[in-house]
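S.K.: One structure, as structure tokens, below. Some questions next.
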């Protein structure tokens, strides 16, 4: 399956075609964000969570600057390869997507990872 996602006008990023991975939508305390995951190990971790076979429910990924169409309205995204599902992470990585948005430089340059403890998977699109 192939899905093409278009950027909103004025976002300054090219159109994207997502293949060879999964697009996961997470809810964090009423806010949503999405991660495109191409790392096969993490894909299997996400699917295990979805099947109720894993307690590793926290997405722990490296934050990158830049808006991508699938993660609107945020001006940041998670590295498609540097992502894992964890049972626990340090508190420094915890937060809501709007907290990251409010200080992207701090999160990218200092914290470097986003792992919201309250994240729940609300949708998985398999684009492999």
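S.K.: Exactly one of these conditions fails for residue 56: (1) closer than 19 Å to residue 81 by Cβ; (2) surrounded by fewer than 18 Cβ atoms within 10 Å (Cβ to Cβ); (3) modelled with pLDDT under 95. Give me its number.
M.R.: Every condition holds for residue 56 apart from (3).
S.K.: Here's a follow-up. Considering 87, 91, 72, 101, which residue is closer than 18 Å to residue 22 by Cα and modelled with pLDDT of 95 or more?
M.R.: Sole residue among the options that is closer than 18 Å to residue 22 by Cα and modelled with pLDDT of 95 or more: 72.
S.K.: Still on this structure, I have one more. Take the conditions crowded, with 18+ Cβ neighbours inside 10 Å and within 19 Å of residue 37 (Cα to Cα) and apply them to residue 107. Does it pass?
M.R.: Here the answer is no, as residue 107 does not meet what is asked.
S.K.: Just to be sure, is residue 79 at pLDDT 95 or above, assigned to a helix (DSSP H, G or I) and either exposed (fewer than 14 other Cβ atoms within 10 Å of the Cβ) or within 13 Å of the chain's Cα centre (by Cα) (or both)?
M.R.: No; evaluated as a whole, the condition is false for this residue.
S.K.: Could you say whether any residue in segment 12-31 is out of contact with any helix residue (DSSP H, G or I) (no Cβ under 8 Å at 6 or more places or on another chain), modelled with pLDDT under 95 and either surrounded by 14 or more Cβ atoms within 10 Å (Cβ to Cβ) or at positive phi (or both)?
M.R.: We begin by selecting, within segment 12-31, every residue out of contact with any helix residue (DSSP H, G or I) (no Cβ under 8 Å at 6 or more places or on another chain); these are 12, 14, 17, 19-20, 25-27, 29-30.
Keeping just the survivors that are modelled with pLDDT under 95 gives 12, 14, 17, 19-20.
Next cut, either surrounded by 14 or more Cβ atoms within 10 Å (Cβ to Cβ) or at positive phi (or both) only: 12, 20.
Looking for residues that are out of contact with any helix residue (DSSP H, G or I) (no Cβ under 8 Å at 6 or more places or on another chain), modelled with pLDDT under 95 and either surrounded by 14 or more Cβ atoms within 10 Å (Cβ to Cβ) or at positive phi (or both), one finds at least one in segment 12-31, hence yes.
The values are calculated or read from the model by the stated rules, or taken from the named source; none is laboratory data. Bear in mind that the values here come from a model prediction, so they are computed numbers and not experimental data. Here Cβ is always computed from backbone atoms with ideal geometry, including for glycine, and neighbour counts include all displayed protein chains.
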